[in-house]
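Report on the following structure.
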Amino acid sequence: MVRRARDLQKTFPQSLSYHSWELVPGQTIRVPASALGAPRVAAVLVFANYTTPGANRVRVEDLKGAVVARFDIQSFDVSTTR
């Protein structure tokens, strides 16, 4: 995941920044809205490095609350809270 983010940052060096967290299956992370405040955030991209087929990524556009990601062994769920 970090490599993809770094590649995007090189493509858009003045307009893109990212935060990266590494989680293990079963772990939950709650990112408060204050972490997404500045600079302006247009979307959150969540990537998972699973061996299962599919894109294993989610784009979150509703950023009025916290972003909550829950990771299981072969899948993950992302939601927002207010």
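Here is how the numbers come out for the structure above:
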{"quantity": "Looking only at region 13-33, and only at residues there that are among the hydroxyl-bearing types (Ser, Thr, Tyr) and modelled with pLDDT of 75 or more, the one that is farthest from the chain's Cα centre (by Cα)", "calculated": "Ser15"}
{"quantity": "Condition met for Ala42 (exposed (fewer than 12 other Cβ atoms within 10 Å of the Cβ), touching a Leu at 6+ places or on another chain (Cβ under 9 Å), of a type outside the set (S, T, N, Q) and without any contact (Cβ under 8 Å) to a residue 40 or more places away in the chain)", "calculated": "yes"}
{"quantity": "Whichever residue in region 1-12 is modelled with pLDDT under 75 and assigned to a helix (DSSP H, G or I) and, among such residues, is surrounded by the most Cβ atoms within 10 Å (Cβ to Cβ)", "calculated": "Ala5"}
{"quantity": "Qualifying positions in region 52-82 - surrounded by 13 or more Cβ atoms within 10 Å (Cβ to Cβ) and β-branched (Val, Ile, Thr)", "calculated": "Val58, Val60, Val67, Val68, Val78, Thr80"}
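The values are calculated or read from the model by the stated rules, or taken from the named source; none is laboratory data. These numbers were taken from a predicted model, which means no experiment stands behind them. Note that each Cβ is placed from the backbone with ideal geometry, even for glycine, and that neighbours are counted across all protein chains shown.
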